Amino acid sequence: MLFRSRKNSTSPSLRDRNTPEPEQASSPARYVDNLIFDMFMSSEDGEEVVLIGTFLAALERTGLGRGDPRLIELFENLRRMRRQMELNGKPTSSIETLKLDRNAFKTVITDNIVLISKAFRQQFVIPEFQSFCGYIEDMYNKCKDLKGGKVANSVPQLANVNPNFWGVSVCTVDGQRFSIDRKSTRLNSSHITI
């Protein structure tokens, strides 16, 4: 095992539910989207809704970031839903502030249901991604003040880089992504050694 599991996982998981697998249900897609809705459902003014900001934050904790190209449809659907709500006289400041009922939520996630389900079932190569990120942060923090070594000069752009501007980025084969850096700067990723 690459790392020890940290017990303080804050991401909801479909694995945590004592329910049959979707393959055992009569309609797998409906079953999964309902389960995901139920994971994030809250009651707002007596109506069952999902707070999209909460849903997106949990999705990010699985390693799927907002810039993931596989989630383009999800964000297009969210923007479309936001525009529709504004036209209906229910303006929201951003997609994160959307509150969607069951049907609207299912409409928004349907194009990406397989990927989203896989994320919340912890079926990625690193199921406890937050724990993994914690270990990467720990390693980064132990190394960030090391001053040995030299900036590579084989590429002219790298020769002029401040040696204090460095970071660590990870992308798994499942597309889970995490980055941490010492300074907020655009990193040149042309020379990465693993």
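Key figures for this structure:
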quantity	calculated
Exposure ranking of 95, 109 by accessible area [1.4 Å probe, largest first]	95, 109
Under Karplus coefficients 6.51, -1.76 and 1.60, residue-wise ³J(HN,Hα) of region 161-171 in Hz, glycine/proline x	7, 5, x, 7, 8, 9, x, 10, 10, 10, 9
Probe 1.4 Å, all protein chains present, accessible-area order of 154, 117, largest first	154, 117
Region 72-127 - accessible surface per residue (Å², probe 1.4 Å)	54
Heavy atoms of residue 93: accessible area, 1.4 Å probe, square angstrom to 10	90
Carbon + sulfur, % of accessible area of region 34-104 - ligands and nucleic acids excluded, 1.4 Å	48
68, 111, reordered so the largest accessible area comes first (probe 1.4 Å)	111, 68
Shape call, region 47-92: gyration tensor on alpha carbons, a/c limit 1.5	oblate
Under the Karplus curve 6.51 cos²θ - 1.76 cosθ + 1.60, θ = phi - 60°, whole-Hz ³J(HN,Hα) for region 76-88, x wherever Gly or Pro sits	5, 5, 5, 5, 4, 5, 5, 4, 4, 5, 5, 5, 8
Loop trypsin sites (Lys or Arg not before Pro), region 42-85 (other Cβ atoms within 10 Å of the site Cβ: 15 or fewer; DSSP)	66
Vicinal HN-Hα couplings computed from phi for region 89-99 (Karplus, 6.51 cos²θ - 1.76 cosθ + 1.60; Hz; Gly/Pro x)	x, 10, x, 10, 6, 6, 5, 5, 8, 5, 10
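The values are calculated or read from the model by the stated rules, or taken from the named source; none is laboratory data. It should be emphasised that the depicted structure is a prediction, and the values quoted were computed from it without experimental measurement. We place every Cβ from the backbone using ideal geometry, glycine too, and count neighbours over all the protein chains shown. Just so you know, the surface numbers come from the protein's heavy atoms only, side chains and all, with ligands and any DNA or RNA stripped out. Shrake-Rupley method; radii C 1.70, N 1.55, O 1.52, S 1.80 Å.
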